Amino acid sequence: MTKDRPGPARNRNRFQGVAMIAVFDIAGPLAAYSLLRSAGQSAVSALVLSGAFPALGVAAGLVRHRRADTIGVLVLVGIAVGTVLGLLSGDPRLVLVEGSVPTAVFGLLCLGSLWARRPLIYRFAVEFIGAETPKGRYFESLWRYPGFRHAFRLFTVVWGVAYLAEAAARVIIVEMTSTATALTVSKVMPYVVGAALAAWMFAYGRRTRRGGERLAAAASAAAVASAAAEPAAEPAAREARAAISVR
C-alpha cells in the first residue's frame with residue numbers, strides 16, 4: 001500500500017484555510033452587511049448579524065482542530081464585546097471597535113511575554129511546526145543559541161508594537177470614515193499587517209542565515225588553514241629545538 005504524499009495534503013489544508021478566511025472573515029461579513037442594509041436593517045443590526053460569520057469561522061476551526069486557540073478565543077471575545085456595546089448604545093462605531101479588542105490584547109500579550117521564559121511568537125512557531133515532530137524538536141534545540149533567542153525576542157517586539165499600532169489605526173478609521181468603509185478596512189487590515197510582518201520575518205531570517213553561513217564558512221576556512229599550517233610548521237619547530245640543544 002502506498003502512502004499519500006504530504007505535499008498535496010499540506011496544500012489542501014492551506015487552501016482550506018485561505019478559503020475559510022475569505023468566506024468567514026472577509027467576503028461573508030461584507031456581503032451580509034450590504035444585503036442587510038439594502039433590506040432596511042439599521043447599521044447596528046447589520047453589523048451585529050454580519051459578525052456571525054467570523055464567529056462561525058472560529059467555531060468551525062475549533063471543531064476541525066478539536067482544541068481552542070488563543071487567537072480564536074480573542075476574536076470571539078471581541079465580537080461579544082462589540083455586540084453588547086453596539087446593542088446597548090445603538091452606535092455602530094462601538095460594534096466596529098470590536099476588531100481592535102483582540103488586536104490590542106494580542107499586542108500586549110506579545111510584549112508581556114518578553115518577561116517569560118519563551119516569547120509568544122516563539123511558542124506560536126513551535127505550535128505551528130509541531131513540538132512532537134522531529135522538525136519541531138530540532139527547532140526547540142536551537143533555543144540554546146543566543147542569536148536564535150535574540151531573533152525571536154525581536155520578532156515578538158515587532159509583532160506586539162505592530163498590532164498595537166493596528167488597533168489604534170482601526171479606532172481612528174472608525175471615527176473618521178463611514179461605517180461601510182470602516183467595516184471593509186477592519187476586515188482587510190489584519191491580513192495586510194500579518195502578511196507584511198511575515199514577509200519581514202522571512203527576509204530577516206534569510207539575511208541572518210546568510211550571515212551565519214558566512215561566519216561558519218570563515219571559521220571553517222580558518223580551521224582548515226590552521227590544520228594545513230601545522231605540518232608545515234613542524235620541521236621548523238624541530239630545527240629550532242635542535243639548535244637550542246646544540247647550544
Trypsin sites (Lys or Arg not before Pro) restricted to DSSP loop in segment 83-126 with at most 10 other C-beta within 10 Å: R117
Qualifying GluC sites (Glu not before Pro) in segment 111-204, DSSP loop, other Cβ atoms within 10 Å at most 16: E132
Accessible surface, per residue, of segment 95-189 when the full set of protein chains is kept, probe 1.4 Å, Å²: 52
Karplus-derived HN-Hα couplings along segment 38-43 (A = 6.51, B = -1.76, C = 1.60, θ = phi - 60°), whole Hz, x at Gly and Pro: 5, 7, x, 6, 6, 4
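Using a 1.4 angstrom probe on the protein heavy atoms only, line up V77, V44 by accessible area, largest first.
On the way: V77 70, V44 15 Å².
Highest to lowest solvent-accessible surface, that is V77, V44.
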Long-range HN-HN contacts of S42 with modeled amide H, under 5 Å: none
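When the solvent-accessible surface of protein heavy atoms is calculated with a 1.4 angstrom probe, in what order do K187, K135 fall, highest first? Walk me through the numbers before you get to the answer.
Values: K187 30, K135 145 Å².
Heavy-atom accessible area, descending, gives K135, K187.
The values are calculated or read from the model by the stated rules, or taken from the named source; none is laboratory data. Source: prediction; values computed, not measured. All Cβ positions, even for glycine, are placed from backbone atoms using ideal geometry, and neighbour counts span all protein chains on display. What goes into the accessible areas is simple: the full protein's heavy atoms, side chains included, and nothing from ligands, DNA or RNA. Shrake-Rupley method; radii C 1.70, N 1.55, O 1.52, S 1.80 Å.
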